[in-house]
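Asker: My questions will all concern the structure given below.
The values are calculated or read from the model by the stated rules, or taken from the named source; none is laboratory data. On a predicted model such as this, the values are computed, not experimentally measured, just so you know. No Cβ is skipped: glycine too gets one built from the backbone with ideal geometry, and neighbour counts run over all protein chains shown. These area figures cover heavy atoms from the full protein model, side chains too; ligands, DNA and RNA do not enter into them. Shrake-Rupley method; radii C 1.70, N 1.55, O 1.52, S 1.80 Å.
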Amino acid sequence: MKIPDIDKEISQILGLEERREKDSELYKVFSEVFDRTTISTLSYFHRRGNIEKLLGVISTGKEANVFRGIDADGNPIAVKIYRTYTTEFRRIWEYLAADPRIGYLPKDIRKLVFVWTRREFKNLQRAMKYAVRAPEPIAFGNNVLIMEFIGDEHPAPRLKDAEKELTKEEFEELYNFAMDSIEKLWKRGDMVHGDLSEYNILIWDKPVIIDWSQATVKRNRMALSLLYRDLRNVINYFAKKGVAVDNLEEKFRELAGD
């Protein structure tokens, strides 16, 4: 596989010399997201000590890839890198245009992705402020977001991937966690996650909610529909696992009327 031309500093961050012959899949992912803007941003964080090295891929998606890494002190980090030329332009635009916190929206997709990245950083800060467990945001710049790494030598599994190992009592605890998080966000934080499901809850010492890019505030005209979606996703999933769940319509009316 041909490796993109990159400078010595980025080679160090990616560990290319160590893994050139044995991790071609990793390079495939790198080649998809490491454009000039990304390389420049990673170099900036490397000089600041925020990123010493990227160690592997945690997840890949249409909008972004998430990498496991370490900082200059050897602390584990998660690094989310948004594609600067994403195919999800229309979805990103719709979410940002409806968010009252966002002012002028650039027409350049690359700059729009920068706004999207900053928005996720702020959403993580807001979630943690209201005691909802999320990865702690560390830093952001352009299309790169650095967060707390959830896991040990391996990333913590998603609920969807760990469900076969869980007991009914554990499902009940997770249901209460998810519903409590929705309620805290809505009532105390004036906020909604907007994409909460078994794919966005990590199983760790305490469950952790991830993927906050689409989260928004209650003043957003889309907020009620996003609240309903979160409730529906959570209630339907846990009902299939044998948990005694809330009535969807009643719970939605309870929160929406608050």
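Asker: Within region 234-258, how many residues turn out to be at pLDDT below 95 and under 17 Å from Glu170 (Cβ atoms)?
Answerer: 0
Asker: Criterion first (touching a Leu at 6+ places or on another chain (Cβ under 7 Å), touching a residue at least 24 places away in the same chain (Cβ under 8 Å) and aliphatic (A, V, I, L, M)) does Ile138 satisfy it?
Answerer: For Ile138, the condition - touching a Leu at 6+ places or on another chain (Cβ under 7 Å), touching a residue at least 24 places away in the same chain (Cβ under 8 Å) and aliphatic (A, V, I, L, M) - is not met.
Asker: Can you find, within region 228-247, the residue that is surrounded by the fewest Cβ atoms within 10 Å (Cβ to Cβ) among those that are under 17 Å from Lys187 (Cα atoms) and in contact with a helix residue (DSSP H, G or I) (Cβ under 9 Å, 6 or more places away or on another chain)?
Answerer: Among them, the one singled out is Tyr228.
Asker: When you scan region 248-258, how many residues do you find that are surrounded by 20 or more Cβ atoms within 10 Å (Cβ to Cβ) and farther than 18 Å from Asp190 by Cα?
Answerer: Total satisfying the criteria: 0.
Asker: Still on this structure: Considering only region 201-227, how many residues are open to solvent by less than 60 Å² (accessible area, probe 1.4 Å) and either of a type in the set (Ser, Thr, Tyr) or out of contact with any helix residue (DSSP H, G or I) (no Cβ under 8 Å at 6 or more places or on another chain) (or both)?
Answerer: Of the residues in region 201-227, 7 are open to solvent by less than 60 Å² (accessible area, probe 1.4 Å) and either of a type in the set (Ser, Thr, Tyr) or out of contact with any helix residue (DSSP H, G or I) (no Cβ under 8 Å at 6 or more places or on another chain) (or both).
Asker: Then there is this: Within region 87-116, restricting attention to residues that are hydroxyl-bearing (Ser, Thr, Tyr) and open to solvent by 60 Å² or more (accessible area, probe 1.4 Å), which residue is modelled with the highest pLDDT?
Answerer: Taking the candidates together, the pick is Tyr104.
Asker: Name the residue, out of Thr84, Thr41, that is at pLDDT 65 or above, open to solvent by less than 60 Å² (accessible area, probe 1.4 Å), among the hydroxyl-bearing types (Ser, Thr, Tyr) and in contact with a helix residue (DSSP H, G or I) (Cβ under 8 Å, 6 or more places away or on another chain).
Answerer: Result: Thr84 is the single residue among Thr84, Thr41 that is at pLDDT 65 or above, open to solvent by less than 60 Å² (accessible area, probe 1.4 Å), among the hydroxyl-bearing types (Ser, Thr, Tyr) and in contact with a helix residue (DSSP H, G or I) (Cβ under 8 Å, 6 or more places away or on another chain).
Asker: Sticking with this structure for a sec: Which residues, counting only those in region 56-75, are closer than 17 Å to Pro155 by Cα, at pLDDT 90 or above and open to solvent by 70 Å² or more (accessible area, probe 1.4 Å)?
Answerer: Listed by number, the list holds a single entry, Asn75.
Asker: Continuing with this model, one more query. What pairs come up if the first residue lies in region 104-126 and is closer than 14 Å to Ile146 by Cβ, the second is assigned to a loop (DSSP other than H, G, I, E, B) and open to solvent by less than 10 Å² (accessible area, probe 1.4 Å), and their beta carbons are under 6 Å apart, counting only those six or more places apart or on different chains?
Answerer: Sorted first by the residue in region 104-126, then by its partner, the pairs are Thr117/Asn143; Glu120/Trp212; Glu120/Ser213; Leu124/Ala134; Leu124/Trp212.
Asker: Hey, does region 159-167 have a residue that's surrounded by 19 or more Cβ atoms within 10 Å (Cβ to Cβ) and within 18 Å of Val66 (Cα to Cα)?
Answerer: Yes, region 159-167 contains at least one residue that is surrounded by 19 or more Cβ atoms within 10 Å (Cβ to Cβ) and within 18 Å of Val66 (Cα to Cα).
Asker: For Gly189, state whether it is touching an Asp or Glu at 6+ places or on another chain (Cβ under 7 Å) and of a type outside the set (D, E, K, R).
Answerer: no
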